[in-house]
Structures are given as C-alpha cells and as structure tokens.
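Where a number appears in this text, it was derived from the coordinates with a stated rule and is not lab data. Remember, predicted model here, so these are calculated numbers, not experimental data. With ideal geometry, Cβ positions are generated from the backbone for all residues, glycine too; neighbour counts draw on all protein chains shown.
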Amino acid sequence: MIWIVMPILIVLMFLLGTDLNKESFTNVARNPQAVIVGMIGQIVLLPIIAFALAYFLKLPAVYFMGLVLIACCPGGSSSNVFSMLAKGDVALSVTLTAISSIITMFTIPIIMEFVSGFVSEQSGIDIHLPFGRLIMQNIVLLFVPLLVGILFRHLYPEAANKTNRVLGKLAFPALMTLALIFFLQYTQEIKDNFAVLGVTVAILILSAMLCSSLLSRFTKSGKAVRRTIVIEVGMQNAAQAIAIASSPFIFNSGEMAIPAIIYALLMNVILLIYVAVVKRMKE
C-alpha cells in the first residue's frame, strides 16, 4: 500500500508547486488576516476537535491516532477546485494549501508525539513515534516535490501549465483508486467500524467547517474569502495521513489509516453539498 501512496503524494505536491505563482505569495501580504485565520482553523482548530471527539467517544487507540493524524495534515490539493466551484478565492486557496503543507511538516511530528504519549498512557499500549524519521519523510514526500514544482513553473511556465492541466485531471481518480484498493484490503475492519468512524468523521468535518466559518468573519472579507477558508479547513490531504500511518518507517499500520480513508470519502460528499448550497444562495 505504501508504495502506491508515496508516488501519488509526490505527484500531488509537485502539482501544488506548479500551481504557485507570484499572486500566491502576494496573497499573504494582501490579505494576512485571511491567511492567519485559515492557518488557525487548519493547524490548531481541526486537531483539537479531532482529539476531543476521539477522547469523549473513547475510540480504540489505533483509530484515536488515525483521527488526530488526518486532522493534523495540510489542506487537500482539490480544495482549489472546490473553491472555484463555490465561487471562492482560488488564489487564496492555493496559498493556504501551500503554507499549511510547509508548516505541517513540523507540526505533525510535534502533535503526534504528544498524542502518542497520551494514547499510550490511556490504553497501556506502547506506541513509539520515530520523530526524526517522520520529519525526514515529510521533507522527502512534501517539501522536495513542492520545491521542484515551484522551480519547474519558474523555469518553464508554459510546460508547467500543460503539466498542471494533465495531472490535475488525474489527481482525483488516483485518490479514489487508492481508496478502493484500501477498502478491498481492509474490507472487514472498515465494515466493523464504519458506523462509529463515519459519524465521528462527519462530526469532525462539519464542526471544523462551522467553526472556521465563524472565525472567517473576523477577517472582514467578502463571502468568497470566507467560503475558501471553510473549504480549506474541511478538506485534508488524506494521502499524507495514509503515507504516515502505513509507512514501515513510521507507524507501519494500515488500520491507523482507516479514518483517513473515511475522511477522504466523506469530505468530498460534504463539500459537494456545501458547494451546491452556496451556489444557490444569493450573493
């Protein structure tokens, strides 16, 4: 499984790099409040909600870890497509995804180190997080392909645009294929736990979207920006969570990746409904 996930994650990060241009970076200076609020929702709010849900619902240790892990990950690469469909700020969406991808390279190890210790103490199960290996894996799978994508766009802008269009069409089918393969491999485990995890993940996504919607009102920006923040916080990079959970160098647990797979499926359904609703609303 991990050898399927890693190439997909590398391609997604390269794709994100080819999306970045001068406008993406000037967005930070042009609208710093929106960027800060988006990062608070993504990096602070979502993991806190996930931790609280896992704790109060008394999820088994492996799913406790998996739920917080997907919540710690950066925004998903498809968030710009959903932002476009919702008439949001696509440039801001790309900026938020890029910044969160860089920041979470270091926040994921810190948060998961704390969660590993907490879950170990609560469950009596010894859970070891190889902190240094996780940072190195994040750099190799996230930062390097992102940087290569940025350089490729800078040196060959026309080729980058063509590559982006082709890879953009393949990204979603690749993720769905990954989800299908995972379902086939862990069919029984998913069936046994889908009711609890499905409800938990749905509550997590909806709670995060609601809270980020309230937070976004502090930006004093228009509806397009607020919609973008809501979508960005609701959509996570499930491929990264799966790569960390199933990596033989980190947790080596396919079962820990199950919350990420369920999240990937439900977030697309929930966000499609959200897009349909906001498109019907009057500007």
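Brief remarks follow.
- When you count the other C-beta atoms within 10 angstrom of each residue and take the mean per peptide, 121-128, 145-152 line up highest first as 145-152, 121-128.
- Between amide H atoms placed 1.01 Å from N, distances below 5 Å from Gln236 occur with Gly76, all of them 5 or more places distant or on a separate chain.
- Our summary gives region 57-173 a relative contact order of 23 percent, counting only alpha carbon pairs under 8 angstrom and 6 or more residues apart.
- Full extension of the chain segment joining Val269 with Ile139 gains 43.7 nm, where the gain is 0.36 nm per residue of separation less the Cα-Cα distance.
- Using the Cβ of Ser120 as centre and a radius below 14 Å, the other residues enclosed give a net charge of -3, where K and R count +1 and D and E count -1.
- Those residues of region 100-123 whose amide nitrogen sits under 13 Å from the label point placed on Ile36, 7 Å along Cα→Cβ: none
- Counting all C-alpha pairs of the chain, share separated by more than 37 Å (%): 8 percent
- In summary, the helical segments of the chain meeting the span-like criteria, namely a full DSSP H run, a Cα extent along the axis of 30 angstrom or more and a mean Kyte-Doolittle hydropathy of at least -0.5, are 90-123, 157-185, 187-216, 258-280.
- Förster radius 22 Å - calculated FRET efficiency between His154 and Ala174 (Cβ-Cβ, nearest 0.05): 0.30
- Highest mean packing first, where packing is the average number of other Cβ atoms within 10 Å per residue, the peptides 95-102, 238-245 line up as 238-245, 95-102.
- Residue-averaged 222 nm ellipticity for the chain, from DSSP H runs of 4+ at -39500 (n - 2.57), nearest 500: -26000 deg cm²/dmol
- For region 101-152 versus region 181-234, the gap between their alpha-carbon centres in whole angstrom: 21 Å
- With a threshold of 22 Å on the Cα-Cα distance, the over-threshold entries among Lys223/Lys279; Lys169/Lys223; Lys22/Lys279; Lys58/Lys191 are Lys169/Lys223; Lys22/Lys279.
- If the chain linking Ile181 and Arg165 were pulled fully straight, counting 0.36 nm for each residue of separation and taking away their Cα-Cα distance, it would gain 3.2 nm.
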